């Protein structure tokens, strides 16, 4: 106590700062982060299936751009297309994607505007299944998920679950 008081730091100041930090923490926890999800899908070898990426804004700050990677088993799954979904189109956004050297795919959803994105399908993925794919379940895992507010500030963005593509042989 002597050292704190000799520097002008009284225990009551720590209590006030602690209460303020606790209040900010509780406020941040009360605001759920926006999130992304993909519903699982079924397909057969040689098929191309559509898997929408859904965005939920929740009560977070507005989001006007986002980026994420999807990790897939590229011996079975190829992402053959990515088109802007209904809420992305409504907000004037476009989608760009690329296959990365590590086997994942990177997606960037943005626009030359500051329009916030609403709830719904932000990107529709065309998933091609290798004609020689074996029966099984193949995950699409999230990585490097980030988002931006209309002002260019980072906004937390969560993901809900891992999508699974279930491959069944054709009858």
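The values are calculated or read from the model by the stated rules, or taken from the named source; none is laboratory data. Small disclaimer: the values here were computed from a predicted structure and weren't measured. Here Cβ is always computed from backbone atoms with ideal geometry, including for glycine, and neighbour counts include all displayed protein chains.
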The condition from (1) part of a strand (DSSP E or B); (2) over 19 Å from residue 144 (Cβ atoms) that residue 70 misses is numbered (2)
Within the range 38-60, take every residue that is under 15 Å from the mean Cα position of the chain (by Cα) and outside any strand (DSSP E or B) and give me the one that is nearest to residue 154 (Cα to Cα).
60
If you take the residues of the range 115-133 that are closer than 14 Å to residue 46 by Cβ and surrounded by 15 or more Cβ atoms within 10 Å (Cβ to Cβ), which of them is farthest from the chain's Cα centre (by Cα)?
133
Do the conditions hold for residue 121, that is, is it over 14 Å from residue 64 (Cβ atoms), modelled with pLDDT of 95 or more and in contact with a strand residue (DSSP E or B) (Cβ under 7 Å, 6 or more places away or on another chain)?
yes
Taking residue 132 as the residue in question, decide whether it is in a strand (DSSP E or B), farther than 12 Å from residue 77 by Cβ, at pLDDT 90 or above and assigned by TED's automatic domain parsing to the domain that holds residue 41.
no
Of all residues in the range 110-129, how many are farther than 14 Å from residue 147 by Cα and in a strand (DSSP E or B)?
9
Yes or no: the range 99-114 includes at least one residue that is touching a residue at least 60 places away in the same chain (Cβ under 8 Å) and either under 14 Å from the mean Cα position of the chain (by Cα) or assigned by TED's automatic domain parsing to the domain that holds residue 56 (or both).
no
